[in-house]
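Sharing a structure below in structure tokens format, with a few things to ask.
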Amino acid sequence: MGRSYGEVRALDGVTLEIRPGEILSVVGPSGSGKSTLLRLLAARAERRRGSVVVDSRDLGRLEPRRLAVERTGFVHQDHRLVPNLRVAQNVLLGRLGRQGLLASLRSVVLPRRHELVRVHEVLERVGIQDRLFERCDKLSGGQRQRVAIARALYQEPRALLCDEPVASLDPTRSRAVLELLRDIAVERGLTLVLSMHDIDLAREYCPRLVGLRQGRVAFDRATTDIDDDELDRLYRLEQGELIEDGAARG
Amino acid sequence: MAPRAAELGGGRVGARGRLFVGLLTAGVLSWLWLGLDPAKLLPRAPHRLVEFFGAALHPTLVSEAGVVPDRLIVGENLLQGLLNTVLFAAAAMSLAIPAGFVLGFLGTPAWWEDDCEGARRRSPFCFCRFLGPLLKNGTRLLATFLRSIHELFWAVLLLAAFGPLPSTGILALFLPFAGTLGKIYAEMVEETPRDAGLALRDLGARPVQVFLFGLLPRALPDMTAYTLYRFECALRSSAVLGFFGFQTLGYFIKLSFDENLYHEVWTYLWGLVLLVVLTDSLSGALRRRFVA
């Protein structure tokens, strides 16, 4: 598959096969196309070339794409919660794609008991059930990330795609969130695709790594088969980048 | 090589300087055009001015003209004027707020526009292309028309059509306030950060759901704060409507002023100031409680 933004070719000739229940991380330097790849996989962006096939169905057609949107949970780096809504309301928003306007209004404004029970369950799974009615802007960064994960889980997805899920967290909280994601994926049989810039964390938590560089796949192997030289090459600055970087610093 | 002034922000400073000089020139030209003499800004009868402002220190609750001297007639008028001022403003705002919501909603494309990389365009194409922009521009035009005409002009126009009924005064306040609220509500929604809304689109939400759950909750605190401020404005305008015969504070101010009863005038003016200060502190408390 491929994707361009104006003159910039974000992804070029990327082929990837992901099995159900697999846990993998897309790694690479800034601007290598990690986020674009995740958005294409989750049908959150239109591709220009190639195809994305889920369960033998091409996402090029509208209906499977909508299904994919409903069945793939997406967690953003910056949480993207509605700050002045309660935690429960933010989680309830996870089902917007499956609800009509009136049903979603009723659900968010006057949630039914069984909905709140389900919300409580997913919040319990991510460890913040005691914050059910707290406003999201009163939570810490780590807690907000957990609410974002709970919102994605409330969708009852079959795959969870997380774009730099721990980029804004300290190392301790990063490990806690990654452990949580890995455990949830294993116990529910979810496919988990992470995009990460911290290569050490990616190696620690993901059995498979896909290295992207300038929109192309540099490697796609089991984590244990990837040596340090390969990673060094992935992150090495090109001559042009070096000059650009130096100029920016200067 | 020495950097050019523009590279150091000199271009911006230059533009600001030109703007400042331009505004100053416009001001001086206006004075010259109107033939204003600074000496004429001084009062022709300074003793009247001293008398008027001196009365501010001695407001009265009984009639200065000796009408029914045993009764606190001015005090009674003050209470009646204050009550009517609040009632006119509240009645007008109770209509202007929902109307402003409707105008604000229809005046923004946020509830039907879907620019999410073309991935899930749920709104019908013809609506986005033709009907939506038509609705938006038509609504904005209506809001602009309503607020372009000041409430006092509306009062003059409506008095001629409906006569001096309380509903005429309420309508005169309601129309421009609805236009202003509609415009500001629409702008506030459009200036709301889009990140949460985009995340809801990623969850498969329709544009109207993105508007309701992603944008509106974030705009509501600012909208509430602005509505409270507009209520203060409505109180002042409601008082001024009294000069057109509606029995708000302005009515009693005009009666006393026409008779040069400055102590009475100041009783009403202090009443208005007190009302505005009270409303300001009340709305401040409401803002702190609900608009955190």
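Taking just the alpha-carbon atoms of segment A:80-146, what radius of gyration and Dmax come out, in angstrom?
Here Rg and the maximum Cα pair distance are 11.5, 32 Å.
Please quote Rg/Rh for segment B:198-241 to two decimal places, taking the Kirkwood radius as Rh and restricting both calculations to Cα atoms.
For segment B:198-241, the value is 1.34.
To one decimal place, what orientation-averaged projected area in nm² is obtained for the convex hull of the Cα set of chain B?
For the Cα atoms of chain B, the hull's average projected area reads 25.3 nm².
Any lysines with Cα under 22 Å of the residue B:40 Cα? List them, leaving off those in the same chain fewer than 8 positions away.
none
I've got another one for you. Buried accessible area for the B:A pair, summed, 1.4 Å probe, in Å² rounded to 100?
Separately minus together, B and A give about 2300 Å² buried.
Given 25 °C and 0.890 mPa s, compute D for segment B:166-236 with the Stokes-Einstein relation, Rh being the Kirkwood radius over Cα pairs; round to the nearest whole µm²/s.
180 µm²/s
For B:33, B:111, B:270, give me the order by solvent-accessible area with a 1.4 Å probe, most accessible first, ignoring ligands, DNA and RNA.
B:33, B:270, B:111
Moving to a separate point now. In whole angstrom, how far apart do the alpha carbon centroids of segment A:111-151 and segment A:87-108 sit?
Measuring centre to centre over Cα atoms gives 14 Å.
Something else now. Does anyone have the angle between helix B:151-162 and the longest principal axis of chain B? Alpha-carbon axes, 0 to 90°, nearest 10?
The two axes meet at around 80 degrees.
Could you state the per residue volume, in Å³, of the convex hull enclosing the Cα atoms of segment B:151-292?
Expressed per residue, the convex hull around the Cα atoms of segment B:151-292 is 118 Å³.
Mind checking which of B:283, B:134, B:176 is farthest towards the positive end of chain B's charge dipole, using Cβ charges of +1 (Lys, Arg) and -1 (Asp, Glu) about the Cα centre?
After comparing all options, I get B:134.
Rounded to a whole number, what % of the accessible area of chain B do carbon and sulfur atoms account for, probe 1.4 Å?
After summing per-atom areas, the C and S share lands at 70 percent.
Which value in deg cm²/dmol, rounded to the nearest 500, describes the helix-derived mean residue ellipticity at 222 nm for chain B, given -39,500 (n - 2.57) per DSSP H run of n ≥ 4 and division by the residue count?
That comes out to -23000 deg cm²/dmol.
May I pose another question? What angle do you read, to the nearest 10 degrees and between 0 and 90, between the alpha-carbon axis of helix B:73-106 and the longest principal axis of chain B?
10 degrees
Also: What spacing in nm lies between the two simple spin-label points modelled at residue A:106 and residue B:224, each 7 Å away from Cα in the Cβ direction?
The two pseudo-label positions are separated by 2.6 nm.
Further question on the same structure: Between segment A:160-191 and segment B:261-292, how many Å separate their Cα centres?
So the two Cα centres are separated by 54 Å.
Oh, and also: Using Cα atoms only, what is the angle between the long axis of helix B:132-148 and the major principal axis of chain B, expressed in degrees (0 to 90) to the nearest 10?
The answer is roughly 10 degrees.
Rounded to the nearest 0.05, what FRET efficiency do residue B:56 and residue B:233 have when you use their Cβ-Cβ distance and R0 = 22 Å?
Step by step, r from the Cβ atoms, then E = 0.40.
Can you give me the Rg/Rh ratio for segment A:102-196, using Cα atoms for both radii and the Kirkwood formula for Rh?
The Rg/Rh ratio comes out at 0.98.
Here is a follow-up. Label-point separation (nm) for residue A:222 and residue B:162, each offset 7 Å from Cα along Cα-to-Cβ?
8.2 nm
The values are calculated or read from the model by the stated rules, or taken from the named source; none is laboratory data. All figures in this text were calculated on a predicted structure; none of them were measured in a lab. Cβ coordinates were reconstructed from backbone atoms using ideal geometry, including for glycine residues, and neighbour counts include every protein chain displayed. Protein only, heavy atoms only, side chains kept; ligands, DNA and RNA dropped before computing areas. Shrake-Rupley method; radii C 1.70, N 1.55, O 1.52, S 1.80 Å.
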